[in-house]
Amino acid sequence: QGVVSTIINPMKQLFIKNSDPGNIEDESETKMDHFEREVLNKVLESFSPGVMIFVRSYFDFVRMRRKLDEQNANFVALSEYTERAEADRYRTFFANGSKRILLYSERAHFYFRYRFKGIRDIVFYSLPDHSHFYSELLNMIDSSSVQQPTATVAFSKYDSLQLSRTVGLSQAKSMLSSDTETFLMA
């Protein structure tokens, strides 16, 4: 059944499939290109604060941080290597809206389980290896203060294990085999 059934707050969850991820050697490049084209440009064009971008691996975290730097995005980046005082300062900046994007790594969540205020939308560059992190992060959104929270997930056939743990095996199979590239769960 997956962890989507454990999400307390009702919200739109948009899954965007990269139908042509290429071969495994080129996967990281095609994933970044697809993410930038389909998701990141829309995030950067909107001026709403409270966007968390979740990244599974540290290598992707570094690439995404560099990409956000190149775009002059108003963001903070929180990884497992961020000092505690600095992490607290970044969380405050994000909560009060002075930094509108928070880049967050899975390992930081694994080790520290930070709680965040001010999340309006969560974007998953990659689904977490620990599937319960998906519902934990979505349940951090205070639905009483946010009108229509959303979660956006980018995935490809190389994310099939994480996808099946998140949405359930049968749903994941149908999403991966479908010709449709976007899936909406409410």
* Qualifying aspartates and glutamates (Cα of each under 14 Å from Cα of LYS117; at least 8 residues distant if same chain) -> ASP88, GLU136, ASP142
* Any chance you could list P(r) for the chain, counting all Cα-Cα pairs in 10 angstrom bins from zero, rounded to whole %? => 9, 40, 39, 12, 1
* To do: Assign one of three labels to the range 27-90, namely rounded, prolate or oblate, based on the Cα gyration tensor with a ≥ b ≥ c the square roots of its eigenvalues; rounded applies when a/c is under 1.5, prolate when it is not and a/b is larger than b/c, and oblate otherwise.
  => oblate
* To do: Quick one: grab the alpha carbon gyration tensor of the range 69-155, order the square roots of its eigenvalues as a ≥ b ≥ c, and give me rounded if a/c is under 1.5, else prolate or oblate depending on whether a/b is larger than b/c.
  => rounded
* Asked: Summing -39500 (n - 2.57) over the DSSP H runs of n ≥ 4 in the chain and dividing by its residue number, what mean residue ellipticity at 222 nm do you reach, to the nearest 500 deg cm²/dmol?
  -> -10500 deg cm²/dmol
* Structure fact -> Relative contact order of the chain (C-alpha contacts under 8 Å, at least 6 apart) in percent is 38
* Rel. contact order, % - alpha carbon contacts under 8 angstrom, at least six apart, the range 19-120 -> 34
* Asked: How much accessible surface does THR150 have with a 1.4 Å probe, in Å² rounded to 10?
  -> 40
* To do: Would you grab the residues whose amide H sits under 5 Å from the one on LYS99? Only those 5+ places off in sequence or on another chain, please, with H modelled 1.01 Å from N.
  => PHE94
* Structure fact -> From the Cα centre of the range 71-102 to that of the range 107-130, the distance in Å is 13
* Asked: If you take the square roots of the eigenvalues of the alpha-carbon gyration tensor of the range 1-59 and sort them as a ≥ b ≥ c, do you get rounded (a/c under 1.5), prolate (a/b over b/c) or oblate?
  -> oblate
* Structure fact -> With Cα springs under 10 Å, the Gaussian network model of the chain assigns the largest mean-square fluctuation among PHE110, PHE61, PHE133 to PHE110
* Asked: Under 21 Å Cα-Cα from LYS42, which lysines qualify once same-chain neighbours fewer than 8 residues away are excluded?
  -> LYS12, LYS17, LYS31, LYS67, LYS99
* To do: For LYS12, list long-range residues whose amide hydrogen, built 1.01 Å from N in the peptide plane, is under 5 Å from its own amide hydrogen.
  => ALA151
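The values are calculated or read from the model by the stated rules, or taken from the named source; none is laboratory data. Bear in mind that the values here come from a model prediction, so they are computed numbers and not experimental data. The protein model used for the area step is the full one, side chains on, heavy atoms only, and it has no ligands, DNA or RNA in it. Shrake-Rupley method; radii C 1.70, N 1.55, O 1.52, S 1.80 Å.
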